[in-house]
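Engineer: The structure follows.
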2 protein chains.
Amino acid sequence: MVLPRAAKTQRRTRIQEEKEERILEAALEVFSAHGFRGSTIDQIAEVAGMSKPNLLYYFRTKEAMHRALIDRVLDTWLDPLRELDSEGNPVAEIRSYIRRKLELARDFPRESRLFANEILQGAPHIEDELKGPLKQLVDEKAEVIRAWAKAGKIAKCDPYHLIFAIWSTTQHYADFDVQVRAVLGQEHAGEGRFDDAARFLERLFVDGLQVRE
Amino acid sequence: MVLPRAAKTQRRTRIQEEKEERILEAALEVFSAHGFRGSTIDQIAEVAGMSKPNLLYYFRTKEAMHRALIDRVLDTWLDPLRELDSEGNPVAEIRSYIRRKLELARDFPRESRLFANEILQGAPHIEDELKGPLKQLVDEKAEVIRAWAKAGKIAKCDPYHLIFAIWSTTQHYADFDVQVRAVLGQEHAGEGRFDDAARFLERLFVDGLQVRE
DNA sequence: TGATAATTTGACCGGTTGGTAAACATTACA
DNA sequence: TGTAATGTTTACCAACCGGTCAAATTATCA
């Protein structure tokens with residue numbers, strides 16, 4: 001039989017799990033570096049150390065690979081925001097949200113670039129995720145922030161734009177890494193830039209959120 | 001004769017100027033939406049309303065189009081930073097820098113995305129510009145900011161990361177527009193989000209830069 | 001107006017790319 | 001062990017894509 005393609009069987013075999021894992025790892029490497037259109041199945045196959053038809057045995061199309069990858073990575077990507085705790089100390093919560101996001105940018109830049117590529121080009125494959133789960137989560141957390149402001153625990157500010165500002169400043173160090181490196185030059189080539197960024201951003205946001213008068 | 005290709009002649013004809021203009025406008029539309037690799041000459045030709053060989057009469061290769069486009073847009077893109085005046089009032093200067101960058105993101109989102117696409121994928125075509133003119137300009141302006149901090153006119157902070165933060169927060173509204181729209185939802189679909197962003201960002205940075213104690 | 005240069009186009013080419021078909025190899029399991 | 005299901009590979013195809021060429025059309029100007 002030729003068809004099953006890991007769908008008909010109830011239980012996934014050991015080989016299926018291993019190979020799908022290897023493929024998605026390779027797909028992350030390639031898609032995050034060149035975008036969907038700029039990536040080829042051959043490139044992914046080479047990184048995975050498998051033949052092209054073999055990849056297509058596990059994922060019927062290039063789109064299916066991309067989709068599976070996005071589904072897998074999206075949850076992890078949103079975890080830091082989910083952890084924002086309405087019961088905690090507001091300023092401390094936001095500070096550690098920034099730190100977690102920056103750690104993600106440092107440790108998982110490929111995941112960040114995967115989404116950046118996608119959104120930059122109009123989010124043709126993840127529009128539903130943006131308008132559904134993402135919006136829902138942001139709405140919920142924006143309400144938490146708004147409540148903090150109302151209670152006088154942080155300065156009044158637009159919670160949506162605060163979240164955008166935290167996203168953009170932290171992800172910048174993953175998505176625009178080559179620019180950051182180019183501007184900072186050789187002397188800051190190490191990972192120290194993330195510590196500098198953390199210090200700067202925590203100060204910027206924490207001072208900006210302090211209640212005035 | 002078949003060859004000239006707008007190079008042999010000393011003076012560019014009216015037709016040459018018009019057509020090159022049309023092509024670069026179309027190229028901006030397409031490259032900014034799909035990235036270099038994701039764009040095809042046919043797409044650009046269709047947007048420009050010209051035939052593919054006709055484009056290639058004015059620009060020998062796809063790369064030449066891209067290169068001409070980047071050269072043309074880069075200067076405009078860096079103008080706001082150039083205008084940062086060491087003689088002016090520090091806080092006012094930074095505030096108006098933010099405002100100008102945000103206006104650029106609102107009025108020229110395609111130009112922003114053009115660079116974002118390029119940098120995100122490792123800046124294969126503009127590495128020299130990043131390490132040369134861009135770094136030079138940023139170094140110069142970082143020194144201005146550092147001097148302001150040293151003179152006690154603004155809070156001490158890492159000037160490079162301050163510039164990165166301003167870049168990322170403002171360009172976010174151009175580069176990740178679909179995400180911003182998706183999260184804000186229908187109700188904020190108009191251009192009002194740029195005014196909200198301006199209010200938020202000016203407050204964030206200005207408060208964050210106020211000298212403490 | 002006529003000749004020359006500039007511009008435009010349709011037909012085409014070779015390489016790449018996503019994807020398929022079918023033969024072959026390996027694994028799981030009764 | 002035998003056999004059916006699963007996994008892998010070779011050869012291949014059709015569409016696409018960057019770019020060329022030569023012929024045809026249009027603009028320029030003496």
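Engineer: Within the set of other residues whose C-beta is less than 11 Å from the C-beta of residue B:114, count the net charge using Lys and Arg as +1 and Asp and Glu as -1.
Structural biologist: -1
Engineer: How large are Rg and Dmax for the protein assembly as shown when calculated on the C-alpha trace, in angstrom?
Structural biologist: 23.4, 78
Engineer: In debye to the nearest 20, how big a dipole does region A:14-60 give about its Cα centre with +1 on each Lys and Arg Cβ and -1 on each Asp and Glu Cβ?
Structural biologist: 200
Engineer: Just list whichever of A:101/B:101; A:19/A:101; B:52/B:101 have alpha carbons separated by over 28 Å in the model shown.
Structural biologist: Table pairs above 28 Å Cα-Cα are A:19/A:101; B:52/B:101.
Engineer: With axes computed from alpha carbons, what is the tilt in degrees of helix A:192-209 against the longest principal axis of chain A, rounded to the nearest 10 within 0 to 90?
Structural biologist: Roughly 50 degrees between the two axes.
Engineer: Roughly how many Å is it from the Cα centre of region B:161-213 to that of region A:149-213, as a whole number?
Structural biologist: For region B:161-213 versus region A:149-213, the Cα centre distance is 12 Å.
Engineer: Summing Lys, Arg as +1 and Asp, Glu as -1, what charge do residues with Cβ under 9 Å from the Cβ of residue A:185 carry, residue A:185 excluded?
Structural biologist: +1
Engineer: Which of B:71, B:175, B:196 moves most in a GNM of chain B, Cα contacts under 10 Å?
Structural biologist: B:196
Engineer: Interface B/A, total buried accessible area with a 1.4 Å probe, nearest 100 Å²?
Structural biologist: Protein heavy atoms only, the B-A interface buries about 4700 Å².
Engineer: Using only DSSP helix segments of four residues or longer, with each worth -39500 (n - 2.57), what per-residue ellipticity at 222 nm results for the protein assembly as shown after dividing by its residue count and rounding to 500?
Structural biologist: -23000 deg cm²/dmol
Engineer: Relative contact order for region A:73-209 using alpha-carbon pairs under 8 Å, separation at least 6, rounded to a whole percent?
Structural biologist: Once normalised by length, the contact order is 36 percent.
Engineer: Also, quick follow-up: Based on the mean of other beta carbon atoms within 10 Å per residue, what is the order of A:107-118, A:83-94, most packed first?
Structural biologist: Sorting A:107-118, A:83-94 by mean packing, highest first, produces A:107-118, A:83-94.
Engineer: Taking R0 as 41 Å, what FRET efficiency do you get between residue B:181 and residue B:125 from their Cβ-Cβ distance, rounded to the nearest 0.05?
Structural biologist: 0.90
Engineer: Another one. Against the longest alpha carbon principal axis of chain B, how many degrees, from 0 to 90 and to the nearest 10, is the axis of helix B:159-175 turned?
Structural biologist: 50
Engineer: I need the inter-copy label distances for residue B:14: point set 7 Å along Cα to C-beta, values in nm with one decimal, smallest first.
Structural biologist: Spelled out, the distances from residue B:14's label point are 7.8 nm.
Engineer: On C-alpha positions alone, give me the angle between the axis of helix B:90-107 and the longest principal axis of chain B, in degrees, nearest 10.
Structural biologist: Roughly 30 degrees between the two axes.
Engineer: Would you kindly work out, in nm and rounded to one decimal, the distances from the label point of residue A:51 to those of the same position in each other copy, ordered shortest first, with label points 7 Å along Cα-to-Cβ?
Structural biologist: When each copy's label point is compared with this one, the spacings are 4.4 nm.
Engineer: Where is the GNM fluctuation largest for chain B (alpha-carbon springs, 10 angstrom cutoff): B:138, B:183, B:30?
Structural biologist: Comparing B:138, B:183, B:30 in a Gaussian network model of chain B, the most mobile one is B:183.
Engineer: From the label point of residue B:191, set 7 Å from Cα along Cα→Cβ, how far away are the matching label points in the other copies, in nm, ordered shortest to longest?
Structural biologist: Sorted ascending, the copy-to-copy spacings read 4.5 nm.
Engineer: Taking every residue in B:151-159, how many Cβ atoms of other protein chains lie within 10 Å of its Cβ, on average?
Structural biologist: Mean shielding by partner chains, rounded to a whole number: 2.
Engineer: Where Lys and Arg each count +1 and Asp and Glu each count -1, what net charge lies around residue B:78 among other residues with Cβ under 14 Å from its Cβ?
Structural biologist: Local charge sum for residue B:78: -2.
Engineer: Let me make sure I get this right: for region A:73-209, a, b and c are the square roots of the gyration tensor eigenvalues over alpha carbons, sorted descending. Under 1.5 in a/c it's rounded, otherwise prolate if a/b > b/c, else oblate. Which is it?
Structural biologist: It is oblate, given that a/c is not under 1.5 and a/b is not larger than b/c.
Engineer: Continuing with the same structure: Given R₀ = 45 Å, what would the calculated FRET efficiency be for residue B:60 paired with residue A:143, taking r from the Cβ atoms and rounding to 0.05?
Structural biologist: That gives a FRET efficiency of 0.20.
The values are calculated or read from the model by the stated rules, or taken from the named source; none is laboratory data. Worth saying up front: this structure is predicted, and the values here are computed from it rather than measured. For neighbour counting, all protein chains shown are included, and Cβ atoms are generated from backbone atoms with ideal geometry for every residue, glycine included. Ligands, DNA and RNA are excluded from the accessible area calculation, which covers all protein heavy atoms including side chains. Shrake-Rupley method; radii C 1.70, N 1.55, O 1.52, S 1.80 Å.
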